[in-house]
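See below for the structure under consideration.
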Amino acid sequence: MVYTGTMEWTDDAIVLSTRPHGEAAAVARLLTREHGVHAGLVRGGAGKRLRGVLQPGNRVRATWRARLADHLGTYACEPTGAVAAALLGDPLRLAGLSAACAVAAVALPEREAHPAVFAGLAALLDALAGEQWPSAYVKWELGLLGELGFGLDLSRCAATGGNDQLAYVSPKTGRAVSLSAGEPYREKLLALPPFLLAEGATGDGAAVADGLRLTGHFLDRHVFVHRAGGVPAARQRLVDRLHHTLVPPRQ
């Protein structure tokens, strides 16, 4: 008996990347709410009408179809939220958008649902319109590590068991260390910016830089180490731009 049916599903999605395929089509990688990072062929995706829709960071309602589950399949995408166009005049925010999409594309396994990461990325995209988006970006990377099973334990000091004056993180264990317990080893420890310890808190430029250094260390150790190119170039560009823009020079 020959199977002639079609696999099909529809889901909310965020565009992570696209690449040309042939003369007019494109292969889009989307982060979908219920189906994870999932690629598909978009007919006409390289054309004028859809090129703007498939910009990284944009929200779409995507319908995927294929003969078999392991095929590339095709996407039909309807726009539900344009983010990229609103940031074209702001290189720093655009760098944040590009970094988040690149990190998600690298870190998340194909076709494995991570609705918490989808919700976090959607919230970050909304936060890009505000002034405190760099803090939101660091917290998103921290949440991504946790969702992937590499979460940091920032609840109490690894040495004393207390939860006051937490100031460092062990680069080996990912556990917090208090100011007093970590002082003799501070050169070997990662700084823990206070805004990561409270929901809704934000940090200044120096704190954001410390936060990116912290999440970057564990992304390097657990995620980027398995990637041939190492750290995604888009993330490094964001780190460089934020450091140049937000961190005051030392006197």
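The values are calculated or read from the model by the stated rules, or taken from the named source; none is laboratory data. Keep in mind it's a predicted model, so treat the numbers as computed, not measured. Quick reminder, even Gly has a Cβ in these numbers, built from the backbone with ideal geometry, and neighbours come from all protein chains shown.
Residue by residue through the range 89-127, note down the ones that are assigned to a helix (DSSP H, G or I) and among the acidic types (Asp, Glu). Break it down into steps so the answer makes sense when it comes.
Looking only at the range 89-127, we keep the residues that are assigned to a helix (DSSP H, G or I), and these are 91-107, 115-127.
If the condition is that a residue be assigned to a helix (DSSP H, G or I) and among the acidic types (Asp, Glu), then ASP126 is the only one that fits.
For the condition among the hydrophobic types (A, V, I, L, M, F, W, C), modelled with pLDDT of 95 or more and over 26 Å from ALA105 (Cα atoms), what is the one hit in LEU189, LEU212, LEU246? Walk me through it before giving the result.
On the way: LEU212 fails: over 26 Å from ALA105 (Cα atoms); LEU246 fails: modelled with pLDDT of 95 or more.
Result: LEU189 is the single residue among LEU189, LEU212, LEU246 that is among the hydrophobic types (A, V, I, L, M, F, W, C), modelled with pLDDT of 95 or more and over 26 Å from ALA105 (Cα atoms).
Examine the range 171-194 for a residue that is under 29 Å from GLY57 (Cβ atoms) and of a type in the set (Val, Ile, Thr), and state whether such a residue exists.
no
Kindly indicate whether any position in the range 134-144 is without any contact (Cβ under 8 Å) to a residue 40 or more places away in the chain and either part of a loop (DSSP other than H, G, I, E, B) or more than 16 Å from the chain's Cα centre (by Cα) (or both).
no
Read through the list (1) buried (at least 16 other Cβ atoms within 10 Å of the Cβ); (2) touching a strand residue (DSSP E or B) at 6+ places or on another chain (Cβ under 7 Å); (3) free of Cβ contacts under 8 Å to residues at least 40 places away in the same chain, then give the number of the only condition that GLU78 fails.
Against the list (1) buried (at least 16 other Cβ atoms within 10 Å of the Cβ); (2) touching a strand residue (DSSP E or B) at 6+ places or on another chain (Cβ under 7 Å); (3) free of Cβ contacts under 8 Å to residues at least 40 places away in the same chain, GLU78 comes up short only on (1).
Give me the pairs, please: first residue somewhere in the range 164-184 and not assigned by TED's automatic domain parsing to the domain that holds LEU197, second residue anywhere and assigned to a helix (DSSP H, G or I) and aromatic (Phe, Trp, Tyr), beta-carbon distance under 7 Å, and either six or more positions apart or on two chains.
If the second residue must be assigned to a helix (DSSP H, G or I) and aromatic (Phe, Trp, Tyr), the pairs left are GLY174/PHE218.
Looking at (1) assigned to a loop (DSSP other than H, G, I, E, B); (2) closer than 23 Å to ALA228 by Cβ; (3) touching a residue at least 60 places away in the same chain (Cβ under 8 Å), find the lone condition where LEU72 falls short.
Here LEU72 clears every test but (3).
State whether one or more residues within the range 133-142 are outside the structural domain of ALA69 (by TED's automatic domain parsing) and either loosely packed, with under 13 Cβ neighbours inside 10 Å or over 23 Å from SER98 (Cβ atoms) (or both). Explain how you work it out, then say what you get.
Taking the range 133-142 as the starting set, the residues that turn out to be outside the structural domain of ALA69 (by TED's automatic domain parsing) are 133-142.
Now narrow it down to the ones that are either loosely packed, with under 13 Cβ neighbours inside 10 Å or over 23 Å from SER98 (Cβ atoms) (or both): none.
Scanning the range 133-142, I find no residue that is outside the structural domain of ALA69 (by TED's automatic domain parsing) and either loosely packed, with under 13 Cβ neighbours inside 10 Å or over 23 Å from SER98 (Cβ atoms) (or both), so the answer is no.
Please work out which residue is surrounded by the most Cβ atoms within 10 Å (Cβ to Cβ), limiting yourself to the range 32-56 and to residues that are touching a Gly at 6+ places or on another chain (Cβ under 9 Å) and either in a loop (DSSP other than H, G, I, E, B) or not assigned by TED's automatic domain parsing to the domain that holds VAL15 (or both). Can you show your working first?
Pass one, the range 32-56, residues touching a Gly at 6+ places or on another chain (Cβ under 9 Å): 38-41, 46, 50-51, 53-54.
If we keep only those that are either in a loop (DSSP other than H, G, I, E, B) or not assigned by TED's automatic domain parsing to the domain that holds VAL15 (or both) as well, we get 46, 53-54.
On the way: ALA46: 18, VAL53: 20, LEU54: 22.
Ranking the candidates gives LEU54 first.
Tally the residues that are among the aliphatic types (A, V, I, L, M) and within 23 Å of LYS172 (Cα to Cα), restricting the search to the range 229-251. Reasoning before the result, please.
Our first condition is that a residue be among the aliphatic types (A, V, I, L, M); within the range 229-251, this holds for 231, 233-234, 238-239, 242, 246-247.
Subsequent filtering for residues that are within 23 Å of LYS172 (Cα to Cα) retains 231, 239.
Of the residues in the range 229-251, 2 are among the aliphatic types (A, V, I, L, M) and within 23 Å of LYS172 (Cα to Cα).
Go through the range 75-88 and report how many residues are modelled with pLDDT of 90 or more and either more than 15 Å from TRP133 (Cα to Cα) or assigned to a helix (DSSP H, G or I) (or both). Full working, then the answer.
Initially, the range 75-88 is screened for residues modelled with pLDDT of 90 or more, giving 75-83, 87.
Remaining after also requiring either more than 15 Å from TRP133 (Cα to Cα) or assigned to a helix (DSSP H, G or I) (or both): 75-82, 87.
Residues in the range 75-88 being modelled with pLDDT of 90 or more and either more than 15 Å from TRP133 (Cα to Cα) or assigned to a helix (DSSP H, G or I) (or both): 9 in total.
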